[in-house]
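Scroll down for the structure; my scribbles are underneath it.
The values are calculated or read from the model by the stated rules, or taken from the named source; none is laboratory data. Please read all numbers here as calculations on a predicted model, not as lab measurements. Cβ atoms come from the backbone with ideal geometry, glycine included; neighbour counts cover every protein chain shown. For the accessible areas, the whole protein counts, side chains as well, though only heavy atoms, and no ligand, DNA or RNA atoms are used. Shrake-Rupley method; radii C 1.70, N 1.55, O 1.52, S 1.80 Å.
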Amino acid sequence: KTKFGLDIVCADFGRFDPKNEKYDVISFWDVLEHLTDPHACLEKAVGMLNPGGEIVVGGPNDRNLLRILASCVYHATAGQISKPLQKAYLLEHVAYYTALTIKSLFAKHGFGMQHFFVSSTDLDKYHLTTLEKLMASAVLIAGELLGLQNRMMAVFRARV
């Protein structure tokens, strides 16, 4: 609000009552992967956007090297080594998306993807041992080199 002079509303989207107000941008930052019914959320958002409005999404990218390697280790050890996979998949996430699946979700609600890019998680916000942090850093760097980062961001606009 201060830096850019924007009128920003931060709220629990499910409980938020827009009172017939319309918005230019709605952001779902680390939200959609927690929703059991993202369709209801997107339908509500459709009604809240100004013509030409956009929805900005950020969250985990399921097409990432960390998840691929963790899954390989899990399967190669017949499930005996599961800790890396447990770190990759969080119980509070009910869905995981890739560029293709997030694009498909929004297309069902009349949105086209305008921009898509991937990045890597900032490991400093996690409680990892030194060894876990070193291993995760190496995988994230390799993921960057391969274009398989674990975070995704996308911008969608309603098709006209």
Is it true that some residue in the stretch 10-31 is of a type in the set (G, A, S) and out of contact with any strand residue (DSSP E or B) (no Cβ under 7 Å at 6 or more places or on another chain)? yes
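Considering the stretch 112-148 alone, what residues qualify as being in contact (Cβ under 8 Å) with a residue 60 or more places away in the chain, open to solvent by less than 40 Å² (accessible area, probe 1.4 Å) and not small (G, A, S)?
Start the filter on the stretch 112-148 by keeping residues that are in contact (Cβ under 8 Å) with a residue 60 or more places away in the chain, which leaves 114, 136, 139-140, 142-143, 146, 148.
Cutting the leftovers down to open to solvent by less than 40 Å² (accessible area, probe 1.4 Å) gives us 136, 139-140, 142-143, 148.
Those that are in contact (Cβ under 8 Å) with a residue 60 or more places away in the chain, open to solvent by less than 40 Å² (accessible area, probe 1.4 Å) and not small (G, A, S): V139, L140, L148.
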Condition check for R151: touching a residue at least 12 places away in the same chain (Cβ under 8 Å), within 30 Å of C41 (Cα to Cα) and surrounded by fewer than 11 Cβ atoms within 10 Å (Cβ to Cβ): no
For the list (1) without any contact (Cβ under 8 Å) to a residue 60 or more places away in the chain; (2) part of a helix (DSSP H, G or I); (3) of a type outside the set (A, V, I, L, M); (4) open to solvent by 40 Å² or more (accessible area, probe 1.4 Å), I need the number of the one condition that S71 fails. (4)
Give me the residue from the stretch 83-104 that is among the charged types (D, E, K, R) and loosely packed, with under 13 Cβ neighbours inside 10 Å and, out of that set, nearest to D62 (Cα to Cα). E92
Residues satisfying the stated conditions in the stretch 77-92, i.e. within 14 Å of L66 (Cβ to Cβ) and of a type outside the set (G, A, S): K83, P84, L85, Q86, K87, Y89, L90
Starting from residues that are among the β-branched types (V, I, T) and more than 20 Å from M152 (Cβ to Cβ), keep the ones in the stretch 1-56 and report whichever is least open to solvent (accessible area, probe 1.4 Å). V46
Would you be able to tell me the number of residues in the stretch 19-62 that are more than 12 Å from H109 (Cβ to Cβ), outside any strand (DSSP E or B) and not hydrophobic (A, V, I, L, M, F, W, C)? 10
